[in-house]
Structures are given as C-alpha cells and as structure tokens.
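Participant: The structure that follows is given in the form of structure tokens.
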Amino acid sequence: MRLIDKLIFKDLIGPFLNGLAMFMLLVFAIGYLFQATDLLLQGIGFAIVFKLVVFSLPEVVTQTFPMAMLLGSLLAFGRLSADHEAVAMFAAGVSFPRMVRVVALAGAVISVIAFLWNDYVVPPAKSAYWDLRQEAVMHLQKSDRPLSYTIEDKDNNTGVEEFVSINGGYDAPSRTLRRVSIIKYSHDPNRRGQIEAEIYCDHAIAKDQQGLDWNYYQGYLILYVPAKETGKIESSSIIDFDELKSSPRTPSPGKNFEGVMNADIIDSNRKSFRDLRAEIAQDRAKGRFMDARGKEVDLYGKIALPIASLIFGVLGAALGPNTQRGGSKTVGFGMAIFIVFLYYVFYRAMFVVGKNGGLPPILASFLADIVGAAIGLALAYRASR
C-alpha cells in the first residue's frame with residue numbers, strides 16, 4: 001500500500017509545483033502587473049517597483065495554494081486513469097477513498113502551511129508594500145476621489161472624536177487637501193455625540209514635514225457654546241476666515257499628511273490572526289458591532305481560504321478520472337480555472353453578504369468551503385462506485 005501512496009504523491013507533486021508557478025503568474029498579472037506598469041510610466045524607479053512586486057508576492061502565494069492543489073490532484077488522477085493504473089488498483093481491491101488518502105493528507109499539510117504563511121509572512125510584506133507604495137507616489141500622486149474617516153477619542157474612550165470629510169481629494173506634491181469639512185464632537189460624557197465645533201475650508205495645507213500642523217484657507221469655523229446648567233447649546237459663533245492656523249480648539253484632520261492618504265486603505269492582510277482578533281475585541285468593547293462584524297468575516301476568512309487546499313485536493317481527485325487521455329493537461333488546466341473562478345466568485349459574494357449583515361460572519365466565510373466540500377464528497381462517492 002505504501003507503493004500506491006508513493007505513486008500518487010509523485011504524480012501529484014510535479015503538477016502542484018507547476019500549477020503554483022502558473023497560477024502565481026496569472027494572479028499577479030491580473031492583480032498587480034498593470035499597477036506596476038502604471039507606476040513605471042509615472043516615473044517611479046525600477047528598483048522601487050521591483051520591491052513592490054516582491055512585497056506583493058506573498059499574498060499571491062496564499063491565493064494560489066488552493067488552485068495549485070486542485071490542478072495537481074486533477075492531473076495526478078487524470079494520469080492514473082489514462083494509464084489504466086486506477087483500474088489496476090481497483091482490481092487489486094484498493095478503494096477510491098484509500099487512493100485519495102494521500103491527496104487529503106497533502107491537502108491538509110498545504111492548508112496548515114497556507115495558514116502559517118498567511119499569518120506570519122503576508123502581514124509584514126503587505127504593510128511594507130503599502131508603506132513603500134505610498135512613499136513612492138508621495139511626490140507624484142493627485143486624486144479627485146473623495147475620502148472620509150473618523151478619529152477616535154483614545155484618551156477618554158467616549159467614541160468618535162472627529163469626523164473628517166475631504167470632498168475634493170488631495171494633491172500630494174503640495175501636501176494639500178481640497179474642500180475639507182471637519183466635525184469635532186464634545187469630550188464631555190454628558191454631551192456624548194454632540195457637536196462642539198465644525199470647520200469648512202476650500203483647501204488645507206500641511207505646514208510641517210510630518211503634516212501635523214495645518215493651515216486652513218477660505219472657509220468658516222463654527223463654535224458651539226453649551227449652557228453650564230442644562231448642557232444644551234445656548235449660543236454659537238461663526239468665524240469667516242481667509243487663513244486660519246490650527247490650534248487645540250479648532251478641529252483638525254487628526255493625522256499627518258501620509259496618514260490622510262492612507263485613511264481609505266482597508267486591508268485585513270496587513271494584520272495577523274491574533275492582531276485582527278484583538279481589534280475585533282476592542283471594537284466590541286466600544287460598541288462598534290458593525291465594524292466588528294466585518295472584521296470577523298476577514299478573520300474567519302484567514303482560516304477558510306487555506307482549508308480550500310484540502311477541499312480542492314479531494315475535489316480534483318474525484319474529477320481527475322474524467323479528463324480525457326491525450327488532452328488531460330489541457331482539460332485539467334481549463335477545468336481548474338473554471339472551478340477556481342466559480343469558487344472565488346461565490347467566496348467573495350458571501351464575504352460581501354456577511355459584512356453587510358446578511359449572514360453570520362462564520363457562515364459567510366466558510367459557506368464556499370462547505371459547498372465545495374459537499375460537492376467534493378458527492379463526487380468522491382460517485383467515483384468510488
């Protein structure tokens with residue numbers, strides 16, 4: 001029986017490694033190649049773009065593990081069928097589940113490796129990618145796309161301290177934000193959620209290198225004064241200005257210029273499983289249950305995607321004997337791409353549904369795996385007969 005395991009493993013390992021390389025190129029070309037080309041055309045140096053490519057590869061590897069496992073098992077069992085080795089094994093009394101055992105074990109090992117890779121290698125690489133990318137385009141990038149974000153009250157833990165809306169985008173070379181609106185909320189626990197001040201300006205410019213000191217131009221500032229007895233607003237003052245310097249009393253972007261540019265970058269791959277779980281606990285403690293729900297979907301996704309390697313291995317083994325002799329590699333590669341496409345469409349759709357509250361986070365993350373496992377087991381049962 002050990003000879004059978006060795007035979008299937010030898011037929012599996014070669015296509016798996018080839019599939020890993022082919023799918024890495026495919027995923028990289030779809031997700032990152034055009035971005036890298038665009039950066040080169042903007043004048044970013046080749047060395048920096050090359051580093052960006054290197055930092056993007058760990059995430060690509062995580063996505064290609066299940067694809068490669070599917071292709072490897074498809075071609076391995078397709079070859080066993082084409083060479084009539086599967087018939088010989090059946091005649092010798094070897095059951096199909098026994099033949100698939102080595103594939104299942106390999107898939108389980110690949111799943112563990114994928115999880116560890118995604119938890120220890122991808123987060124620092126992804127963080128380095130975004131830091132380097134932001135540094136590379138700092139003197140080139142202009143954007144008209146609006147962005148907004150909130151500043152939390154970290155000292156008193158009373159919720160949101162400010163809400164910042166930048167409707168006109170930003171200009172990186174001049175370190176300018178356009179059409180800026182900032183709402184500052186009260187620190188007083190008795191006035192939680194009430195507006196303390198708000199500011200609007202045509203543009204704001206960072207005056208120091210770190211971007212923590214801002215000047216506001218052509219706008220107005222509204223200050224709300226509450227009554228001491230009731231806490232209700234009894235008066236307000238409107239200050240029009242052509243130029244206003246930031247102060248502790250005035251609202252501010254709350255970030256340096258680089259932080260503002262990164263405010264709309266939400267990438268859970270920059271965080272490890274432990275860090276993301278701690279962040280979810282903090283969100284729940286502060287009552288931000290919707291934010292916690294979305295992050296829980298990402299958290300369980302860090303497990304669901306690696307497990308797909310095991311599921312795809314069994315699924316490929318069940319489908320492998322159906323590939324035709326002589327065209328097994330071509331048919332197997334095409335079938336693998338088609339199955340992977342269906343899986344990722346369903347996988348991402350469930351992520352969106354889960355983050356919007358349509359499904360419990362754990363079910364949204366694992367539903368694609370559950371469906372894939374059910375189909376794989378059904379096909380494996382059919383093949384065993």
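The values are calculated or read from the model by the stated rules, or taken from the named source; none is laboratory data. What you see is a predicted model; the values in this text were computed from it and never measured. Cβ sites come from the backbone with ideal geometry, for glycine too, and all protein chains shown count toward neighbours.
Participant: Six or more apart or on different chains, Cβ atoms under 7 Å: show the pairs whose first residue is in the stretch 12-32 and assigned by TED's automatic domain parsing to the domain that holds Leu310 and whose second is surrounded by fewer than 18 Cβ atoms within 10 Å (Cβ to Cβ).
Facilitator: Qualifying pairs under 7 Å: Tyr32/Val53.
Participant: Moving on to the next point. In the stretch 1-24, how many residues are closer than 15 Å to Ala86 by Cα and not charged (D, E, K, R)?
Facilitator: 7
Participant: Now for a different question. Does Lys329 count as modelled with pLDDT under 80, basic (Lys, Arg) and either farther than 15 Å from Ile375 by Cα or assigned to a helix (DSSP H, G or I) (or both)? Talk me through it step by step, then tell me what you get.
Facilitator: On the way: modelled with pLDDT under 80: yes; basic (Lys, Arg): yes; either farther than 15 Å from Ile375 by Cα or assigned to a helix (DSSP H, G or I) (or both): yes.
Spelling it out, Lys329 is indeed modelled with pLDDT under 80, basic (Lys, Arg) and either farther than 15 Å from Ile375 by Cα or assigned to a helix (DSSP H, G or I) (or both).
Participant: Condition first: over 22 Å from Phe28 (Cβ atoms) and of a type in the set (Ser, Thr, Tyr). Now tell me which residues in the stretch 54-102 satisfy that.
Facilitator: Of everything in the stretch 54-102, those that are over 22 Å from Phe28 (Cβ atoms) and of a type in the set (Ser, Thr, Tyr) turn out to be Ser73, Ser81, Ser95.
Participant: Further, regarding this structure: Sort through Tyr120, Tyr149 and tell me the only one that's surrounded by 16 or more Cβ atoms within 10 Å (Cβ to Cβ) and at pLDDT 80 or above.
Facilitator: Tyr149
Participant: Could you please let me know if Ala21 is assigned to a helix (DSSP H, G or I) and either in contact with a strand residue (DSSP E or B) (Cβ under 7 Å, 6 or more places away or on another chain) or at pLDDT 85 or above (or both)?
Facilitator: Criteria met by Ala21.
Participant: Among the numbered criteria (1) modelled with pLDDT of 85 or more; (2) in contact with a Pro (Cβ under 9 Å, 6 or more places away or on another chain); (3) over 20 Å from Met335 (Cα atoms); (4) not hydroxyl-bearing (Ser, Thr, Tyr), which single criterion is violated by Ala86?
Facilitator: (1)
Participant: Would you please list the contacts, defined by Cβ atoms under 8 Å and residues six or more apart or on different chains, that run from a residue in the stretch 85-110 that is under 20 Å from Leu315 (Cβ atoms) and without any contact (Cβ under 8 Å) to a residue 60 or more places away in the chain to a residue that is basic (Lys, Arg) and in a helix (DSSP H, G or I)?
Facilitator: Between residues of the stretch 85-110 that are under 20 Å from Leu315 (Cβ atoms) and without any contact (Cβ under 8 Å) to a residue 60 or more places away in the chain and residues that are basic (Lys, Arg) and in a helix (DSSP H, G or I), there is no close pair.
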